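A short worksheet on the structure shown next.
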Amino acid sequence: MKHFLLATTLIFSAPAAMACETVTIGDLTVEHAWSKATIGAGRPGVFYVEIKNSGTTDDALVGITTPAAGMPMLHETVVQDGIASMPHAMSVPVPAGQSVQLAPGGYHGMLMELTTALKEGDSFPVTLSFEKSGEVTVNVDVLSLRAEGPDCADAGQ
Amino acid sequence: MLGVGAYRTRNRPARSEVLPVPIGQMTWTLTDHQGRLVRPSDWAGRPVMVFFGFTWCPDVCPTTLSDISLWLEELGADADRLIVALISVDPERDTPDALAGYVSNFDPRIIGLTGPADEVAQAAADFRATYRRVDKEGGDYTMDHTAGVFLFHPDGRFASIIDFHEDRRFAVPKLRRTLS
């Protein structure tokens, strides 16, 4: 029984641990990549991540690609005069010495034309293209539609 | 108290144009996610929380529904009399069934409402909410919409709006004031 409980804990904690995985490219650190479960493949998915630039040169996220979606795009949720809109973001600035978040209510990746529904507990790769640093691939954990972010010990740092 | 009264009186003419009408004066008829007809009169005597959205919305709507679910959990049984409704601004795709699959991911007290385009337009007019279809490449589209959460007292009077980017710590106290 004890072993069973331990195994169950490991299975359930594995996805969260993956979202807490850190990938680096040049001066950039990419972590906390997560997404929300979708109902079917017709509705768009979403992609959130944190990027830290510890260098002295400004960079920018200029695009994302993933086998999980036919048309992934960068978007920004903008609320003006109380009305939310979601314009396409040509790029997301990652200034030298700063961190940027693709997070609920702000910048996010919109995953249109999903190849399959995103299910809680699944993961999929997303390749981020940076203007200066080039490309890096992260594993994205699918959390519940209700999730507000991955549960990492260092989240928010 | 006198000060508050004077303030309200002074501001009423300027603000009334943009405030939602009382629930009892609203005239829409919508269908909930279980296929039942819902009219404003069904909400008489109960506090109400409404927000506009659509289920093809990847960011704002699930974020708002997650927040609302957390508030409801914090309020516990105090929120059981609260009517909590998502009104779809995308009735073309948001059938009652589509809404049912969506709201089942959140607090069970949240209902989804949809209906014919003219009834959704009437609801938006009554709440002083706006929405607009934005066409995208390839025939797909998204919706711009009012993102705030509308609160009404049990007697149907408009109470306040919780703005999308408002500090979420103020939401539960606002809700408690509306419930009492």
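Criterion first (within 11 Å of chain A (Cβ to nearest Cβ) and either under 19 Å from A:Gly105 (Cβ atoms) or at pLDDT 95 or above (or both)) does B:Ala129 satisfy it?
It is true that B:Ala129 is within 11 Å of chain A (Cβ to nearest Cβ) and either under 19 Å from A:Gly105 (Cβ atoms) or at pLDDT 95 or above (or both).
Starting from residues that are of a type in the set (Phe, Trp, Tyr) and within 14 Å of another protein chain (Cβ to nearest Cβ), keep the ones in the stretch B:140-157 and report whichever is surrounded by the fewest Cβ atoms within 10 Å (Cβ to Cβ).
Selected residue: B:Tyr141.
Can you name the residue in the stretch B:112-126 that is of a type in the set (A, V, I, L, M, F, W, C) and part of a helix (DSSP H, G or I) and, of all such residues, is nearest to the other protein chains (Cβ to nearest Cβ)?
Filtering first and then ranking leaves B:Ala124.
Does B:Pro91 fit the bill of being away from chain A (no Cβ under 14 Å), under 27 Å from A:Val78 (Cβ atoms) and assigned to a loop (DSSP other than H, G, I, E, B)?
In short, yes.
For residues in the stretch B:59-74 being of a type in the set (D, E, K, R) and within 10 Å of chain A (Cβ to nearest Cβ), which is surrounded by the most Cβ atoms within 10 Å (Cβ to Cβ)?
Filtering the stretch B:59-74 for residues that are of a type in the set (D, E, K, R) and within 10 Å of chain A (Cβ to nearest Cβ), the one surrounded by the most Cβ atoms within 10 Å (Cβ to Cβ) comes out as B:Asp59.
What are the pairs, 6+ residues apart or on separate chains, where a residue within the stretch B:106-126 that is among the aromatic types (Phe, Trp, Tyr) has its Cβ under 6 Å from a residue that is assigned to a helix (DSSP H, G or I) and open to solvent by less than 40 Å² (accessible area, probe 1.4 Å)?
B:Phe106/B:Leu65; B:Phe106/B:Ser69
Since A:Ser129 meets every condition but one in (1) more than 14 Å from chain B (Cβ to nearest Cβ); (2) surrounded by 19 or more Cβ atoms within 10 Å (Cβ to Cβ), which condition does it not meet?
Condition (2) is where A:Ser129 drops out.
Restricting attention to the stretch B:102-122, report how many residues are more than 19 Å from A:Leu143 (Cβ to Cβ) and open to solvent by 10 Å² or more (accessible area, probe 1.4 Å).
Here the count works out to 10.
Can you tell me which residue within the stretch B:145-180, out of those that are in contact with a Leu (Cβ under 9 Å, 6 or more places away or on another chain) and part of a strand (DSSP E or B), is nearest to B:Val48 (Cα to Cα)?
Per the criteria, the residue is B:Leu151.
In the stretch A:49-65, is there at least one residue being within 11 Å of another protein chain (Cβ to nearest Cβ) and either touching an Asp or Glu at 6+ places or on another chain (Cβ under 6 Å) or open to solvent by less than 10 Å² (accessible area, probe 1.4 Å) (or both)?
no
Here is a check on your reading of the model: is B:Phe51 within 14 Å of chain A (Cβ to nearest Cβ) and under 12 Å from the mean Cα position of the chain (by Cα)?
yes
Select from the stretch B:31-85 the residues that are part of a loop (DSSP other than H, G, I, E, B) and either in contact with a helix residue (DSSP H, G or I) (Cβ under 8 Å, 6 or more places away or on another chain) or of a type in the set (Asp, Glu) (or both) and list them in ascending order.
Passing the criteria: B:His33, B:Gln34, B:Gly35, B:Ala44, B:Pro47, B:Phe54, B:Thr55, B:Asp59, B:Asp80, B:Arg81, B:Leu82.
For the stretch A:84-107, give me each residue that is more than 21 Å from A:Asp58 (Cβ to Cβ) and open to solvent by less than 40 Å² (accessible area, probe 1.4 Å).
A:Ala84, A:Ser85, A:Met86, A:Gly105
Open to solvent by 60 Å² or more (accessible area, probe 1.4 Å), within 12 Å of chain B (Cβ to nearest Cβ), out of contact with any strand residue (DSSP E or B) (no Cβ under 9 Å at 6 or more places or on another chain) and of a type outside the set (Lys, Arg), is that true of A:Glu148?
Answer is yes for this residue.
Where residues in the stretch A:58-86 are assigned to a loop (DSSP other than H, G, I, E, B) and small (Gly, Ala, Ser), which of them is modelled with the lowest pLDDT?
This residue is A:Gly82.
The values are calculated or read from the model by the stated rules, or taken from the named source; none is laboratory data. Being a predicted model, the structure only gives us computed values, none of them experimental. Positions of Cβ are generated from backbone atoms using ideal geometry, with glycine treated the same way; all protein chains shown enter the neighbour counts. Note: areas computed on protein heavy atoms with side chains; ligands, DNA, RNA excluded. Shrake-Rupley method; radii C 1.70, N 1.55, O 1.52, S 1.80 Å.
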